[in-house]
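Take a look at the structure below.
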2 protein chains.
Amino acid sequence: MKKIINKPENFIREMLEGIYIAHGNMVGYAGGDVHCLVSKQKKAGKVGIATGGGSGHLPLFLGYVGEGMLDGCSIGDVFQSPSAEQMLAVTKEIDSGAGVLYIYGNYNGDIFNFDMAAEMADFEEDIRVESVVAGEDVASAGPAVPGEKNTRRGVAGIFFAYKCAGAAAAEMMPLDEVKRVAEKAAANVRTMGVALTPCIVPRVGKASFEIGEDEMEIGMGIHGETGIRRGKLLPADEIVEEMMAPIIKDIPYVKGDEVAVLVNGLGATPLEEQYVVCRKVSNILEEQGIKVHRYYVGEYATSLEMAGMSISLLKLDDELKRLVDAQANTPFFKQFG
Amino acid sequence: MKKIINKPENFIREMLEGIYIAHGNMVGYAGGDVHCLVSKQKKAGKVGIATGGGSGHLPLFLGYVGEGMLDGCSIGDVFQSPSAEQMLAVTKEIDSGAGVLYIYGNYNGDIFNFDMAAEMADFEEDIRVESVVAGEDVASAGPAVPGEKNTRRGVAGIFFAYKCAGAAAAEMMPLDEVKRVAEKAAANVRTMGVALTPCIVPRVGKASFEIGEDEMEIGMGIHGETGIRRGKLLPADEIVEEMMAPIIKDIPYVKGDEVAVLVNGLGATPLEEQYVVCRKVSNILEEQGIKVHRYYVGEYATSLEMAGMSISLLKLDDELKRLVDAQANTPFFKQFG
């Protein structure tokens, strides 16, 4: 296990201490617990937005707490959900009377704990909480059954839900409207990933899965969940074609649509390779008559030192375009508009 | 070789095409050559700042072209210097009558070509060019001999020279003053790195060096240049202690100093680990009575998918503090001030 860490059991605490040291002007923590990260910027009457989830995905989740994005984030150990009590501590801290929206990924542990935290906030604290569960991974979509639960995992595309809902809250929209925006963004984003190497969870000390020296796995999840197809590593353009086809036909994205594109590195894959991917994504969208409003390229949702990347598309209308374009200033994501 | 690329010989061209697609609102290229990246923002009478160097280090070098930072960058193949002609094409494009400052790393190929480009700019184009060669890697410092050439390699700390000189040029300082600022920043920054794994140059197809599964190399350069000590991988806190001691005594940084800190990931090392490092850097500086004005943590100068990190300190005076704090907006680096 080749990592720059101390004792594995102290990894997340020490990482968080580093975050508060480096970004103490922007973020602090609630309830005396470093796992309960909150923004230092408060605005009376603004809807609070909280997220949360396991560690190991920086800048997801806590990196998006700041101006124009999120107000708080509860943080678990590597790939582990934080507790309902930690979520509640964040909720209490970020509520300014307008209620709180939870936006989090479609994982059972997170759903269970966020639901419990929402109930406690309501009963014990009289804070109104609404929730949006984001799940947009095309690889984990089950057969579409009306009324059935979304089976899609939440991966990098949740960034767009944060971005749009965060901008909506900054515009002082009320809770129901911020929720509507988050749901719209979550419903209009689709993602597909590819993994080349596993990562190692420090407490476990060995690779999360095995994969051949010349292999890739299309559709793998950010915790190493099984993908759609494992095979020989292909040239970049062919990998992108194989990933883009199911993304495009999922919603579907059609000629005349406008989208925002997110090319996301999973950890070890260099930024150079992500731009090679970006180029091919652009070519495919151009062929299909889909216009790109804005590109994001870089590490937005990682899996420790996993090599690989994901591609996300967000279908835009005028409202989402305005919200995507809004200014944001967090420790990990800054945009001038 | 596990990379998301097409043909190795097309890697850099395709990467650059991706950059122009994603950031075409901010950057374009000069002389019809994608290797000659220039800012789309122009301001009459502003000193132009150019850099350049081999590819494989994103966001170095080209990622820092934009508002409040650099105006142009010539880009070579992976770990290869761009040509003097490419540097000249950038120089011609970014000169607005106030002259051009070159800031680049202390590597022989770059020095040779930038010197030739400066001569051509002077003789053929009547553009005044000044140069600052940044070299701050403590591991490659030879014995200090007055009047002798600096042997230090330029690594991640060049970011601070870009930041301060870029802010000085944005304040409309004249060429001699912008050069003075760049020299001051370069003289007051020191860096030390550690590598855990090699990277693979695509055209070469094999690891740039070999290192044991349980080994690290302190002081290794960003092209795999030999470091100071190879040994068993230590806990993060011990690695940081071993790196910080020679950095601090080099200038030296002393009690009462104020510094900016850059913890830089070399490629595959997760952001989480970089924050564990940041925490220990902060502890050591606090013990020494050195105050931290600002932290930067993330990938600022990489070596493709190499695992490892570097630590840089910049000693600040009031002028450098103001310039470090100034706003910047480039494809890869954004700061609100």
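The values are calculated or read from the model by the stated rules, or taken from the named source; none is laboratory data. Because the structure is predicted, anything quoted here is derived from the model rather than measured. Note that each Cβ is placed from the backbone with ideal geometry, even for glycine, and that neighbours are counted across all protein chains shown. Note: areas computed on protein heavy atoms with side chains; ligands, DNA, RNA excluded. Shrake-Rupley method; radii C 1.70, N 1.55, O 1.52, S 1.80 Å.
Could you tell me whether A:L60 is within 27 Å of A:G298 (Cα to Cα) and either crowded, with 22+ Cβ neighbours inside 10 Å or of a type in the set (G, A, S) (or both)? Judged against the criteria, A:L60 is a match. For the range B:252-304, a residue qualifies if it is within 8 Å of chain A (Cβ to nearest Cβ) and part of a loop (DSSP other than H, G, I, E, B), and the qualifying residues are B:A268, B:T269, B:P270, B:E299, B:T302, B:L304. Summed over the range A:86-121, the residues that are among the aliphatic types (A, V, I, L, M), surrounded by fewer than 24 Cβ atoms within 10 Å (Cβ to Cβ) and under 18 Å from the mean Cα position of the chain (by Cα) give a count of 1.
Given the criterion under 20 Å from the mean Cα position of the chain (by Cα), among the β-branched types (V, I, T) and surrounded by fewer than 24 Cβ atoms within 10 Å (Cβ to Cβ), identify the matching residue among B:I284, B:I251, B:I290.
Working: B:I284 fails: under 20 Å from the mean Cα position of the chain (by Cα); B:I290 fails: under 20 Å from the mean Cα position of the chain (by Cα).
Going through B:I284, B:I251, B:I290 in turn, the sole match is B:I251.
Here is a check on your reading of the model: is B:C278 touching a Pro at 6+ places or on another chain (Cβ under 9 Å) and open to solvent by less than 10 Å² (accessible area, probe 1.4 Å)? Judged against the criteria, B:C278 is not a match.
Of all the criteria given as (1) more than 9 Å from chain B (Cβ to nearest Cβ); (2) closer than 30 Å to B:M216 by Cβ; (3) open to solvent by less than 40 Å² (accessible area, probe 1.4 Å), the one not satisfied by A:F79 is (3).
What about A:Y295, is it surrounded by fewer than 24 Cβ atoms within 10 Å (Cβ to Cβ) and not hydrophobic (A, V, I, L, M, F, W, C)?
On the way: surrounded by fewer than 24 Cβ atoms within 10 Å (Cβ to Cβ): yes; not hydrophobic (A, V, I, L, M, F, W, C): yes.
Yes.
Return the total of residues in the range B:14-32 being facing chain A (nearest Cβ under 7 Å) and either charged (D, E, K, R) or open to solvent by 40 Å² or more (accessible area, probe 1.4 Å) (or both).
Initially, the range B:14-32 is screened for residues facing chain A (nearest Cβ under 7 Å), giving B:14-15, B:17-19, B:21-22.
Retained after the next criterion (residues that are either charged (D, E, K, R) or open to solvent by 40 Å² or more (accessible area, probe 1.4 Å) (or both)): B:14, B:17, B:21.
Of the residues in the range B:14-32, 3 are facing chain A (nearest Cβ under 7 Å) and either charged (D, E, K, R) or open to solvent by 40 Å² or more (accessible area, probe 1.4 Å) (or both).
Against the conditions (1) open to solvent by less than 20 Å² (accessible area, probe 1.4 Å); (2) at pLDDT below 95; (3) of a type outside the set (K, R), B:Q41 satisfies every one except (1). Among the residues making up the range B:305-337, those that are hydrophobic (A, V, I, L, M, F, W, C), under 21 Å from A:P59 (Cβ atoms) and either without any contact (Cβ under 8 Å) to a residue 24 or more places away in the chain or part of a loop (DSSP other than H, G, I, E, B) (or both) are B:A307, B:F332, B:F333, B:F336. For the range B:63-71, the condition of being within 11 Å of chain A (Cβ to nearest Cβ) and closer than 24 Å to A:V281 by Cβ holds for at least one residue.
Of all residues in the range A:174-213, those that are in contact with a Gly (Cβ under 8 Å, 6 or more places away or on another chain) and within 14 Å of chain B (Cβ to nearest Cβ) total 10.
Hey, which of the strands (runs of 3 or more DSSP E) in the range B:168-239, taking only ones fully inside, have at least 3 residues that are surrounded by fewer than 18 Cβ atoms within 10 Å (Cβ to Cβ)? Spell out the reasoning first.
Numbers: elements: B:189-195, B:215-218, B:229-232.
Correct list: B:229-232.
Here B:L316 passes the criteria (1) more than 13 Å from chain A (Cβ to nearest Cβ); (2) open to solvent by less than 10 Å² (accessible area, probe 1.4 Å); (3) touching an Asp or Glu at 6+ places or on another chain (Cβ under 7 Å) except the one numbered (2).
Starting from residues that are over 15 Å from the mean Cα position of the chain (by Cα) and surrounded by fewer than 24 Cβ atoms within 10 Å (Cβ to Cβ), keep the ones in the range B:44-57 and report whichever is nearest to A:E272 (Cα to Cα).
Filtering the range B:44-57 down to residues over 15 Å from the mean Cα position of the chain (by Cα) leaves B:44-48.
This time we only want the ones that are surrounded by fewer than 24 Cβ atoms within 10 Å (Cβ to Cβ), so: B:44-46.
Details: B:A44: 32, B:G45: 34, B:K46: 30 Å.
Restricting to residues being over 15 Å from the mean Cα position of the chain (by Cα) and surrounded by fewer than 24 Cβ atoms within 10 Å (Cβ to Cβ), the top hit is B:K46.
Within 14 Å of chain B (Cβ to nearest Cβ), of a type in the set (S, T, Y) and within 20 Å of the chain's Cα centre (by Cα): does that describe A:T226? It is false that A:T226 is within 14 Å of chain B (Cβ to nearest Cβ), of a type in the set (S, T, Y) and within 20 Å of the chain's Cα centre (by Cα). Beta carbons closer than 8 Å, at least 6 apart along the sequence or on distinct chains, pair a first residue in the range B:231-250 that is within 14 Å of another protein chain (Cβ to nearest Cβ) with a second that is among the small types (G, A, S) for B:M243/B:G193. Scanning the range B:33-57 for residues that are within 12 Å of chain A (Cβ to nearest Cβ) and at positive phi returns a single hit, B:G56. If you check A:I5 against the conditions, is it at the interface with chain B (Cβ under 9 Å from one of its Cβ atoms), open to solvent by 30 Å² or more (accessible area, probe 1.4 Å) and aliphatic (A, V, I, L, M)? For A:I5, the condition - at the interface with chain B (Cβ under 9 Å from one of its Cβ atoms), open to solvent by 30 Å² or more (accessible area, probe 1.4 Å) and aliphatic (A, V, I, L, M) - is not met. Checked against (1) of a type in the set (A, V, I, L, M); (2) modelled with pLDDT under 95; (3) open to solvent by less than 10 Å² (accessible area, probe 1.4 Å), B:A165 meets all criteria but (2). Do we have A:G66 as of a type outside the set (F, W, Y) and on the phi > 0 side of the Ramachandran plot here? Here the answer is yes, as A:G66 does meet what is asked.
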